[in-house]
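Please treat every number below as a calculation from the coordinates, not as lab data. No experiment lies behind these values; they were computed from the predicted model shown. We place every Cβ from the backbone using ideal geometry, glycine too, and count neighbours over all the protein chains shown.
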Amino acid sequence: MASDSQGPATATDYITHHIQNMTYGQLPAGYERADGSILSEAAWTMAHSAQEAKDMGFWAFHLDTLGWSIFLGALFCFCFYRVAKKATIGVPGKWAGLLEMMVEMVNKSVKESFHGESKLIAPLALTIFIWVLLMNTMDLVPVDWLPWLAQKLSGDPHLYFKVVPTTDPNTTFAMSLSVFALIIFYSIKVKGVGGFIGELIFHPFESKNIFVKILLVLPNLLLEGVALLAKPVSLALRLFGNLYAGELIFILIALLGWVQLPAHFVWAVFHILIVILQAFIFMMLTIVYLSMAAEKH
């Protein structure tokens, strides 16, 4: 893989190139680009260096993350739609049997862990598990294959192209914040606004004395507020950290030269456990958090 400079890439250039997303955003007028040119006016463009991607700020888009996320989500919907459309009362085929096992596993997990009443939780848990599993599985593809293909098709030998959406914190935080919004929604729906606020300011420390209760509001709010905000943060960082670390190991293996294929195979076999386990953990924590939000005290 080529670096941003001309000539052979160093190991540092190689690693830096592989962990950079394909970023599209706006650069201001007068900005000096990586190739030395200066923009006469503000322009939306592709980032040609890590610094340009950084200078594009918050409203920049990671096109590779968005593209692979949408594609894998559509693949998930298409596969399940095809199986559901062809389903019969007879013996299911191998593909239908596999998907049926997944559905039963998720349904069992929801029944055992979610103690509220909602028809949304099981489909949500299934979507999270399969979608995250598919995104994680992209980490098993050799790190140079798809970026090399993207460079050849685009004609840009320096094109940034990451193919594992869950190694992008934007993806993991987007999913975890969606779960967080559902936690707030179910808490207010089941307990009401007063019950939700009361849960934050009157627990875990309680007292029948009104003055002591008032004094305990701030400590309770700090404890419960931190616990509440920690849920989306832990969801996002756990998934991102594990997959990002796995991707870095694959990149380091790719630097080993002729021994990279057997080493890649050994690490990929071990990494399959991480790929499946992290999808399952994200799903289970989502179910548990929503179950806690739907419980009445």
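On full extension of the chain, what length is gained from residue 223 through residue 181, given 0.36 nm per residue of separation minus the C-alpha to C-alpha distance? Could you put the intermediate results ahead of the total?
Numbers: separation 42, 0.36 × 42 = 15.12 nm, distance 1.96 nm.
Extending this stretch completely gives an extra 13.2 nm.
In percent, how large is the relative contact order of the chain, given Cα pairs closer than 8 Å and 6 or more residues apart?
Working: 327 pairs, mean separation 66.4, N = 297.
Reported relative contact order: 22 percent.
Are there GluC sites (Glu not before Pro) in segment 3-97 that DSSP puts in a loop and that have at most 14 other Cβ atoms within 10 Å, and which ones?
Values: sites: 32, 41, 52; in loops: 41.
Answer by residue number: 41.
Based on Cα coordinates alone, diagonalise the gyration tensor for segment 1-159, multiply each eigenvalue by 5, take square roots, and list the semi-axes in whole Å, largest first. Please list the in-between numbers first.
Working: eigenvalues 367, 75, 39 Å².
Equivalent-ellipsoid dimensions as semi-axes: 43, 19, 14 Å.
Helix 217-254 versus the longest principal axis of the chain: what angle, 0 to 90°, nearest 10, using Cα atoms?
Once rounded, the angle reads 30 degrees.
What Kirkwood hydrodynamic radius do you get for segment 202-251 when you take the inverse of the mean 1/r over all pairs of distinct Cα atoms, in Å? Don't jump to the answer; show the numbers that get you there.
Working: mean 1/r = 0.0747 Å⁻¹.
Averaging 1/r across every pair of different Cα atoms and inverting gives 13.4 Å.
Report Rg/Rh for segment 1-93, rounded to two decimals, where Rg is the Cα radius of gyration and Rh the Kirkwood radius. Write down the numbers at each step before the final one.
Working: Rg = 20.8 Å, Rh = 16.5 Å.
With Rh from the inverse mean 1/r over Cα pairs, Rg/Rh is 1.26.
Mean residue ellipticity at 222 nm from the helices of the chain, using -39,500 (n - 2.57) per DSSP H segment of n ≥ 4 over the full residue count, to the nearest 500 deg cm²/dmol?
Numbers: 10 runs with 196 residues, N = 297.
Result for the chain, helices only: -22500 deg cm²/dmol.
For labels at residue 111 and residue 80 in the simple 7 Å Cα→Cβ model, what's the distance in nm?
Those two pseudo-labels are separated by 1.8 nm.
Residue by residue, what Karplus-based ³J(HN,Hα) values in Hz, rounded to whole numbers, does segment 94-106 have, using 6.51, -1.76 and 1.60 with θ = phi - 60° and x for Gly and Pro?
Values per residue, Gly and Pro as x: 5, 5, 5, x, 5, 5, 5, 4, 5, 4, 5, 5, 5 Hz.
If you filter segment 189-235 for GluC sites (Glu not before Pro), then keep DSSP loop positions with at most 11 other Cβ within 10 Å, what is left?
Working: sites: 199, 206, 224; in loops: 206.
Passing both the DSSP loop test and the Cβ count: 206.
Calculate the translational D of segment 157-245 in whole µm² s⁻¹ from Stokes-Einstein, where the hydrodynamic radius comes from the Kirkwood formula applied to all Cα pairs, the temperature is 4 °C and the viscosity 1.567 mPa s. Could the numbers behind the result be given before it?
Details: Rh = 15.4 Å.
For the chosen part, D equals 84 µm²/s.
Which of the lysines could a cross-linker span from residue 119 if the Cα-Cα distance has to be under 26 Å and same-chain partners fewer than 8 positions apart are dropped?
Excluding near neighbours in sequence, the set is 85, 86, 108, 111, 189, 191, 231, 296.
Take residue 38 and residue 197, extend 7 Å from each Cα along the Cα→Cβ direction, and tell me the distance between the two endpoints in nm.
Between residue 38 and residue 197, the simple spin-label model gives 5.6 nm.
If a/c stays under 1.5 just call it rounded; otherwise compare a/b with b/c (prolate if a/b is bigger, oblate if not). Do that for the chain, with a ≥ b ≥ c from the square roots of the Cα gyration tensor eigenvalues.
Values: a/c = 2.26, a/b = 1.40, b/c = 1.62.
Oblate, because a/c is 1.5 or more while a/b does not exceed b/c.
When every alpha-carbon pair in segment 129-180 is counted, what percent end up more than 15 Å apart? Each step should come with its number before you reach the end.
Values: 733 of 1326 pairs.
Counting pairs separated by more than 15 Å, the tail of P(r) holds 55 percent.
Mind putting together the pair-distance distribution for segment 140-297? All Cα pairs, 5 Å bins, whole percent per bin, short to long.
Taking all Cα pairs of segment 140-297, the binned fractions are 1, 8, 13, 14, 13, 11, 9, 8, 6, 6, 5, 3, 2, 1, 0 percent.
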